[in-house]
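Okay, structure first, notes after.
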Amino acid sequence: MNLDDLISEYVGIEGRLADPSVHADQNLARKLGKRYAELRPIVETYRELSTTGDDLAAARELAGEDEAFAVEAGELERRREDLEERLRRLLVPRDPNDDKDVILEVKAGEGGEESALFAGDLLRMYLRYAERVGWKTEVLDSHPSDLGGYKDVTVAVKAKGQEDGAWTRLKFEGGVHRVQRVPATESQGRIHTSAVGVLVTPEAEDVDVQIDPNDLRIDVYRSSGPGGQSVNTTDSAVRITHLPTGVVVSCQNEKSQLQNKEQALRILRSRLLAMAQEEADAAAAAERKSQVRTVDRSERVRTYNYPENRISDHRVGYKAYNLDQVLDGDLHNVTQALVDADMERRLAEAQGS
């Protein structure tokens, strides 16, 4: 779709949103409002670019008579170049999930108890980062380790009220995170390397994924670990198996079986949505003449080196020596490096197509 088509679509939606009858259908109004918000920065930038171009032409005509107009023309030229670059980036197709919230899972891997402790450190990093940027978090399920870490923990992250969803930045966190440090259990002071897996999926809504109840096997069992008086006394924990795909999710954090079932279904929907999108992406990639490398979430993505206070992201060559601050939630520069690299890749793709 070219720029003229996008502007026409924007004007059309603007007219429909002014019609009271449209708002009688909340789903339609929400869909139109979402698309209107997506198009608005494109249209506003284009209109400002047009105005700046007219002002630049006028300033150039008068530059020979008044030096002040020559100076203004130079400023307007730079402004026009900035607006052209901004519009070029806005016209790059967005990730369709960028407005979505996420389900983030942190799982201990190689390294035993030390890995579980680092899983806890990563969880705190994400929770503090979310707090910094105004996101809401909710722990859906967790399995603590003996020394205070986590064997695995699942968190919902919501960016309610913000233009972009949590997926915009957290989608790059998926993969194997490696830590190098002296474990609390190490008596000789030797540096160990262990790994933690992070899985990030967009949180699916009911309209995104339809689940047939006949495709589910639901098992209940007794919860384990801390969680209140009802734990270990009632069958409140829930395990759901999606039979067509074999995906299994479980939840035991809540005291009631119904609440655990609802949380498990949230996680299941997000995983099924991610699977469907990965299949679609794979099919689209196979059709391209030249394969463009994307972030492979199965590879090692980042190393946290405690002795050097260094954090390294291996996908984009990012390196900084403020690991203590990053683990305290100052993750912006790390995620921004990944956002910028992804934008450059998509710009190159758009120009090559």
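Each value in this text was obtained by applying a stated rule to the coordinates, not by laboratory testing. Since this is a predicted model, take the numbers as computed values, not measurements. As a convention, Cβ positions derive from the backbone with ideal geometry for all residues, glycine included, and neighbour counts pool all protein chains shown.
Relative contact order of the chain: what whole-number percent is it, with Cα pairs under 8 angstrom and at least 6 residues apart?
Details: 545 pairs, mean separation 50.9, N = 353.
Computed over the chain, the figure is 14 percent.
A straight line joining the Cα centroids of the stretch 13-34 and the stretch 319-347 runs 37 Å. With the simple model of a label 7 Å out from the Cα in the direction of the Cβ, residue 314 to residue 279 spans 3.0 nm. Positive end of the dipole of the chain (Cβ unit charges, origin at the Cα centre): among 74, 91, 303, the Cα lying farthest that way belongs to 303.
For the stretch 69-158, the relative contact order comes to 30 percent (Cα pairs under 8 Å, sequence separation of at least 6).
Based on the mean of other Cβ atoms within 10 Å per residue, sort peptides 321-329, 29-37 so the most packed one is first. Can you show the working numbers first?
Values: 321-329: 15.8, 29-37: 14.1.
The peptides rank, most packed first, as 321-329, 29-37.
If each residue of separation counts as 0.36 nm, what is the full-extension length gain between residue 344 and residue 24 once their alpha-carbon separation is subtracted?
Numbers: separation 320, 0.36 × 320 = 115.20 nm, distance 4.14 nm.
Net length gain for the segment: 111.1 nm.
A simple spin-label model places pseudo-atoms 7 Å from Cα toward Cβ; at residue 128 and residue 58 they are separated by 5.3 nm.
Dipole size of the chain about its Cα centre, with +1 on Lys/Arg Cβ and -1 on Asp/Glu Cβ: approximately 1500 debye, rounded to the nearest 20. Loop-located trypsin sites (Lys or Arg not before Pro) in the stretch 142-215 (DSSP state not H, G, I, E or B) with no more than 12 neighbouring Cβ atoms inside 10 Å: 160, 190. Each of 148, 320, 334 was scored by the projection of its Cα onto the charge dipole of the chain, and the greatest displacement toward the positive side belongs to 148; charges sit on the C-beta of Lys, Arg, Asp and Glu. Given R0 = 45 Å, the distance between the Cβ atoms of residue 77 and residue 184 translates into a calculated FRET efficiency of 0.15. With each label modelled as a point 7 angstrom along the Cα→C-beta vector, the residue 215-residue 89 pair spans 3.9 nm.
Each of 3, 17 was scored by other Cβ atoms within 10 Å of its Cβ. Arranged with the fewest first, they read 3, 17. Cβ-Cβ distance of residue 34 and residue 138, R₀ of 25 Å, FRET efficiency by 1/(1 + (r/R0)^6): the value works out to about 0.60. Shape class for the stretch 11-161: oblate, because the ratio a/c of the largest to smallest gyration tensor axis (alpha-carbon atoms, square roots of eigenvalues) is 1.5 or more and b/c is at least a/b.
How high is the relative contact order of the stretch 3-90, given as a whole-number percent (alpha carbon pairs under 8 Å, six or more residues apart)?
On the way: 53 pairs, mean separation 22.7, N = 88.
It rounds to 26 percent for the stretch 3-90.
Considering only Cα-Cα distances, which of the following residue pairs are longer than 28 Å: 34/107; 31/151; 107/319? List each step's numbers first, then the result.
On the way: 34/107 34 Å; 31/151 40 Å; 107/319 24 Å.
Where the Cα-Cα span goes over 28 Å, the pairs concerned are 34/107; 31/151.
Residue-normalised convex hull volume from the C-alpha trace of the chain: 195 Å³ per residue.
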